[in-house]
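Since the structure comes first, as structure tokens, the remarks are kept for the end.
The values are calculated or read from the model by the stated rules, or taken from the named source; none is laboratory data. None of the values given here were measured: they were computed from a predicted structure. No Cβ is skipped: glycine too gets one built from the backbone with ideal geometry, and neighbour counts run over all protein chains shown.
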Amino acid sequence: MAETLLALQKVTKRFDEVTALAPTSLEVAEGSFVAIVGPSGCGKSTLFNVIAGLLEPDEGEVRLGDRVVNGATGHVGYMLQKDLLVPWRTVEDNITMVARLTRRVRREDREEARRIATQYGLGDYLRHYPSALSGGMRQRVAFMRTLVTHQDLLLLDEPFGALDAQTRLEMQQWLLQVWRESGRTVLFITHDVDESLFLSDRVLVMSPRPGRVVADIANPLDRPRTMETLLDARFVELKGRIMHLLHGGAP
Ligand code: ADP
Ligand code: MG
């Protein structure tokens with residue numbers, strides 16, 4: 001049984017009169033891939049901001065390993081919903097961005113950026129600028145920037161939302177490969193039910209007003225996931241169940 005990496009205990013967040021996040025408790029096992037689905041405005045990004053410490057919860061506790069990290073930053077790799085690359089910096093310089101912002105970029109940082117870019121299909125583009133890359137490649141660079149933070153827990157907020165269906169499927173398979181090889185723990189927000197099932201070990205379904213987790217669904221689909229996964233009877237059954245919940249159905 002894997003250790004619990006992240007634990008939320010009755011975490012609440014309000015903005016003035018609006019409860020963006022109703023008391024939320026959940027645990028995430030080390031090394032797992034957990035997807036979060038929910039309609040727009042249900043508090044998904046708020047949940048991530050609280051976990052990352054960018055927002056302080058009004059109530060409750062966020063634990064990472066044995067530390068309480070309420071309102072503290074620097075303990076997760078976070079790929080924001082609109083994670084833009086710096087257009088006047090090369091791919092290599094974009095990957096080493098966090099080091100540049102927090103300390104000096106060292107030779108090891110550059111070597112690491114080159115190594116992972118090469119390992120994951122961007123080795124020929126290290127000197128290119130973001131404008132020369134496709135949408136999928138840009139998201140890979142943004143993800144690599146998150147990876148080199150060396151955090152165990154990665155928060156990915158709708159990273160493939162703007163990509164076309166074909167590119168999205170390629171990126172999903174790419175992400176699963178990196179996840180498997182890097183041993184990280186991933187929390188992944190999406191509003192795409194297919195994507196949540198294709199990627200995850202577990203799907204948390206959120207409902208709007210006030211945002212809360214209404215279902216925690218184990219995903220038994222075999223890995224590695226392929227095109228066949230999308231046709232598996234269990235995939236179709238789980239998709240139906242999640243769609244029902246998203247449209248306000250009883251669990
Ligand atoms: P999601 O990511 O699921 O689309 P958000 O977490 O961004 O939803 O937002 C949840 C709710 O909280 C929405 O009603 C949104 O308008 C509100 N909200 C989010 N951030 C702020 C903020 N900084 N100030 C005020 N209201 C906010
Ligand atoms: Mg959001």
Checklist entry - Scanning for something surrounded by fewer than 19 Cβ atoms within 10 Å (Cβ to Cβ), in contact with a Leu (Cβ under 8 Å, 6 or more places away or on another chain) and either without any contact (Cβ under 8 Å) to a residue 40 or more places away in the chain or outside the structural domain of Gly211 (by TED's automatic domain parsing) (or both), does region 96-115 turn up at least one residue? => result yes
Checklist entry - Does region 37-44 include one or more residues that are under 18 Å from Ile189 (Cβ atoms), surrounded by fewer than 17 Cβ atoms within 10 Å (Cβ to Cβ), out of contact with any Cys (no Cβ under 7 Å at 6 or more places or on another chain) and among the small types (Gly, Ala, Ser)? => result yes
Checklist outcome for this item: Per the filter on region 198-226, residues touching a residue at least 60 places away in the same chain (Cβ under 8 Å), under 19 Å from Ala29 (Cα atoms) and surrounded by fewer than 15 Cβ atoms within 10 Å (Cβ to Cβ) are Asp216
Checklist outcome for this item: Taking region 130-186 and keeping residues assigned to a helix (DSSP H, G or I), surrounded by fewer than 17 Cβ atoms within 10 Å (Cβ to Cβ) and of a type in the set (D, E, K, R) leaves Glu170, Arg180, Glu181
Checklist entry - What number of residues within region 227-251 satisfy the criterion of being in contact (Cβ under 8 Å) with a residue 40 or more places away in the chain and hydroxyl-bearing (Ser, Thr, Tyr)? => result 0
Checklist outcome for this item: Log entry, pairs with first residue in region 34-60 being in contact (Cβ under 8 Å) with a residue 12 or more places away in the chain, second being of a type in the set (Asp, Glu), beta carbons closer than 7 Å, six or more apart or on different chains, reads Val34/Asp201; Ser45/Asp157; Phe48/Asp157
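Quick grid of which residues meet (1) more than 16 Å from ligand 1 (Cβ to nearest atom); (2) of a type in the set (Asp, Glu); (3) under 19 Å from the mean Cα position of the chain (by Cα):
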residue	(1), (2), (3)
Asp164	yes, yes, yes
Val186	yes, no, yes
Asp192	no, yes, yes
Glu195	no, yes, yes
Asp216	yes, yes, yes
Glu228	yes, yes, no
Checklist outcome for this item: Flagged in region 120-129 as closer than 30 Å to Ser45 by Cβ and either in the same structural domain as Val62 (by TED's automatic domain parsing) or outside any loop (DSSP other than H, G, I, E, B) (or both), in numbering order, are Tyr125
Item to check | Residue among Phe15, Phe33 that alone is among the aromatic types (Phe, Trp, Tyr), in the same structural domain as Leu197 (by TED's automatic domain parsing) and within 16 Å of ligand 1 (Cβ to nearest atom) | outcome: Phe15
